[in-house]
Amino acid sequence: MTNDCSAFLIPSQVAIAGGASAASRRGTSSSPLTIDDRRLALVNNGHEAKENSSGWSKKAVQTTGRSTRTRGRKGSAIAMLAPSQALRSGLGGDTFLHAAEGNKAESADIATVSSKESLAGDGVVFSPAHDVNGHGDKVPKAATAAAAVTDGNNPAASTNSTKGSRRTRQKHRMTGNIPDVYWRAVPLEHLRHHPRFEPLPHPDTVKELKSLEDVRLFRQESWQWDALHSGRCTTSQATAALGLLDPEAGSVLGIPRSLQKGAVGAYHRLRKPALRSLDDMNEVLCTGEGNSPPDLETLDYPVWDSKRTTRFRGTTSFAALYLPRIKRTDLDRRRQRLKDYYLDDSSRWLARMQWGNAQEPTAILTALNYFSRAVPGTIIREVGMCGAGLDINSTSSEGSGLIVGATPDAVIHYPNGTLEALEVKNHCPFVPLYWGSRRKGGSKGKAEDLFRIRESRMEMEVPPAYVPQLMLEMLSLGPQCRSAIMVRQTATKGAVILRLQRDDDWINEMMYWLNQFMETFVNSEVPPPPNVFWEDGEYSGGERYRAFVNRTKEISERAEHVTTVPHKEIQRVVATRSFQIPLFLD
C-alpha cells in the first residue's frame, strides 16, 4: 500500500494558492453575517452539521460599562477546510456567544442572572393527542396541543402573583416547520470553560508530536483531526467494514433499515492514503495554522460559577451554575434565518443529524454532573484521535496495512486513576409528520406541517450498531480502559446512563474480521458485495462470522444500567425572564 503525503492539503497552502488575503480570511466584509447566517449557509451544502454554537446574544453576570468585545469572523477561510472540517470548526471559528447582529453588543444586550433564580433543567411535559398510526406512534390531531409546564428554572416565574398558587400552563406546538435543533444547547466553547472539564489545547499551538499517540491532542473540529481519518479504520467505518450494516447481519441485530448502508463506503474510505509515520504526521499536521485564531479562546465574560450550585430537594445536582441566558430576540433572529430552510422536503431528514451534533456538549455535561457528584474529584477530559500508537497498527508493508483509531466524545478520569470512554447519543425529537411526500390539507390547500414531536423513554441497552464503536474506543484508549459509558439523552424524557464492559475476546474477533476486509477487498481493489462475510460463497465467513454477529447482540443486551437522569436534572440553557423556549421556532 502506497503512502503519498502530497494527498493531504494543508489549509494555509490552499489559501495561498487561491490568492486569499489575510483580510478575506478574517471575513472583513461590508455585510456582516451572524452565526446563524453562516450555519445556514454551510448546512445548505448538505454536509454533516457538527456545530455547537447557538447564535445567542452575549450574556454576562456583571457589566463593566465598557463596550462588549465582538469576535472576528472567518470568511473565505472556511473554504480552506473540507466541508466537514468547516462545520466541525464552528462555522469558521466564530462559535462564541456574542452580539446577535455580529458586530456590536450594547449594554442592553447583557443579561444578568439573579441570585434568586435556579438555573436547573425544566419540567416541560408534552401531552399530544393519542391518535396512533400504523407505526405505533402518537400523532397529534392538530398543529398545537396542550403541554403541562412546570418551570424548574425559575419557580417564581411559574406561579401567579399570589404566593403558593398553582403553576401556569402553557401551550406548546406539537407540529411545525422550523425545528430548533439548537434548542437549549450548551455550546462546546462554554463546556471547555467548565471547572470540571479539561479541554485540549488550541490545535495551532501543537507544534510537535513526540509520539504517534500525541495526535490525540488535535480537537475534533480541527482540520488535523479530519486528516487523520483518511485511510484509517475509525468508529464511523468499523461497523460497516464488519458487515454489521448489511441486510442479513443487520436483521439479526435489529438494526433499522435506515442504517443498513452496506460496506462499500468503508471500502472507499480505507483505500485513501493514510498518515502512518511520526515524521509524516509532524510534517503535515503541525503547521501552526489553518484553524480559528487562538485569541478566540479567551472569553471576556463569565460562563460558570462553581461557588453556586443548583439543588434539587436538598441534593446538589450540578457541579457549577451556568450563567448565559437566551432572549426572545435571539430566537426571532434564528427563526428568520431558518424559516425557508426546512420547508424543503429534502431538508427535513437533516434535522436528526443536526440535533445530535448540536446537543452533544449538553449530553457530556449530563455525564459530568452525574459522575462528579457520584465520585467526587472526577473530571472529564476532551480527547482527539486515540490509538495511533497501538502495536496492532501496521506501520510497514507487513500485514494487511490496517490501522485503526477512535475518538470518544470525552474521557472520564476518576480520582483512583481509572478511566472510561464516554460516548453520548442525543435522540432527536423531530420526526416527519408523514413518511411519504409532503401532503396538502384543508379547503384552502394550505400545506401541513413537516415535523411532529415524538419522544419516548430510552431502552436500557446499548444498540448493537454501537458495540464496535465502544469497543474500538476502549481498545484505542489502551489496556487500562476496561469499560465505556454511553449517555442516551432525549429532549424532554430525560436520559439514561449505561456502562459496557470491555470484552477482549470480542475485540480480537473484531480485529480479525477488519483485517479480513482489508486483505480481501481493500488491498485487492475489489468492492465488497452485499452481505459481506454472511452469504455462502467465495467471501463467506461461515459459522465463525455468524457466531461473531450473535455475540455482538449478546454484548449489547448485557449493558449495565448506571442511572436514569430525570428531565429536570439535565442542565441546559434557560431564557431571560424565564419564558418557555419552544422546540419549534414557527
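The values are calculated or read from the model by the stated rules, or taken from the named source; none is laboratory data. Fair warning: this is a prediction, and the values are worked out from it, not measured in the lab. Here the Cβ positions follow ideal geometry from the backbone for every residue, glycine too, while neighbour counts run over all protein chains shown. Heavy atoms of the whole protein, side chains included, go into the accessibility calculation; ligands, DNA and RNA do not. Shrake-Rupley method; radii C 1.70, N 1.55, O 1.52, S 1.80 Å.
Condition test on LEU500, is it hydrophobic (A, V, I, L, M, F, W, C), open to solvent by 10 Å² or more (accessible area, probe 1.4 Å) and either at pLDDT 95 or above or part of a strand (DSSP E or B) (or both)?
In short, no.
Can you confirm whether the range 555-569 contains a residue that is in a loop (DSSP other than H, G, I, E, B) and free of Cβ contacts under 8 Å to residues at least 60 places away in the same chain?
The answer is yes, given that some residue of the range 555-569 is in a loop (DSSP other than H, G, I, E, B) and free of Cβ contacts under 8 Å to residues at least 60 places away in the same chain.
Mind listing just one residue for me: the one in the range 512-569 that is open to solvent by less than 20 Å² (accessible area, probe 1.4 Å) and among the hydroxyl-bearing types (Ser, Thr, Tyr) and, of those, farthest from LEU472 (Cα to Cα)?
TYR545
Kindly evaluate SER277 against the criterion of being under 30 Å from LEU350 (Cβ atoms) and either hydrophobic (A, V, I, L, M, F, W, C) or open to solvent by 20 Å² or more (accessible area, probe 1.4 Å) (or both).
no
Going by the conditions given, is LEU296 hydrophobic (A, V, I, L, M, F, W, C), part of a loop (DSSP other than H, G, I, E, B) and touching a helix residue (DSSP H, G or I) at 6+ places or on another chain (Cβ under 9 Å)?
No: the conditions fail for LEU296.
Going by the structure shown, is HIS268 closer than 26 Å to ALA465 by Cβ, assigned to a loop (DSSP other than H, G, I, E, B) and at pLDDT 95 or above?
no
In the range 468-497, what residues are outside any loop (DSSP other than H, G, I, E, B), open to solvent by 10 Å² or more (accessible area, probe 1.4 Å) and either of a type in the set (D, E, K, R) or at pLDDT below 95 (or both)?
ARG488
Just a yes or no: is a residue in the range 209-227 farther than 30 Å from PRO324 by Cα, assigned to a loop (DSSP other than H, G, I, E, B) and within 25 Å of the chain's Cα centre (by Cα)?
For the range 209-227, residues farther than 30 Å from PRO324 by Cα, assigned to a loop (DSSP other than H, G, I, E, B) and within 25 Å of the chain's Cα centre (by Cα): absent.
Pull out all pairs, ordered by first then second residue, where Cβ-Cβ is under 9 Å, the residues are six or more apart or on different chains, the first lies in the range 281-292 and is farther than 13 Å from LEU228 by Cα and part of a helix (DSSP H, G or I), and the second is among the aromatic types (Phe, Trp, Tyr) and open to solvent by 30 Å² or more (accessible area, probe 1.4 Å).
Within 9 Å, no pair qualifies.
For ILE497, indicate whether it is of a type in the set (Val, Ile, Thr) and over 27 Å from SER258 (Cβ atoms).
No; evaluated as a whole, the condition is false for this residue.
Go through (1) of a type outside the set (Asp, Glu); (2) open to solvent by 40 Å² or more (accessible area, probe 1.4 Å); (3) part of a helix (DSSP H, G or I) one by one and return the number of the condition ALA238 breaks.
(2)
Of these, GLY231, GLY254, which one is touching a Lys or Arg at 6+ places or on another chain (Cβ under 8 Å), touching a residue at least 60 places away in the same chain (Cβ under 8 Å) and open to solvent by less than 10 Å² (accessible area, probe 1.4 Å)?
Testing whether each residue is touching a Lys or Arg at 6+ places or on another chain (Cβ under 8 Å), touching a residue at least 60 places away in the same chain (Cβ under 8 Å) and open to solvent by less than 10 Å² (accessible area, probe 1.4 Å) leaves just GLY231.
Within the range 207-226, track down each residue that is surrounded by fewer than 24 Cβ atoms within 10 Å (Cβ to Cβ) and under 15 Å from ARG276 (Cβ atoms).
Matches in the range 207-226: LEU209, SER211, LEU212, GLU213, ASP214.
Could you figure out which of (1) open to solvent by 40 Å² or more (accessible area, probe 1.4 Å); (2) among the acidic types (Asp, Glu); (3) outside any helix (DSSP H, G or I) isn't true of GLU248?
The single condition GLU248 does not satisfy is (3).
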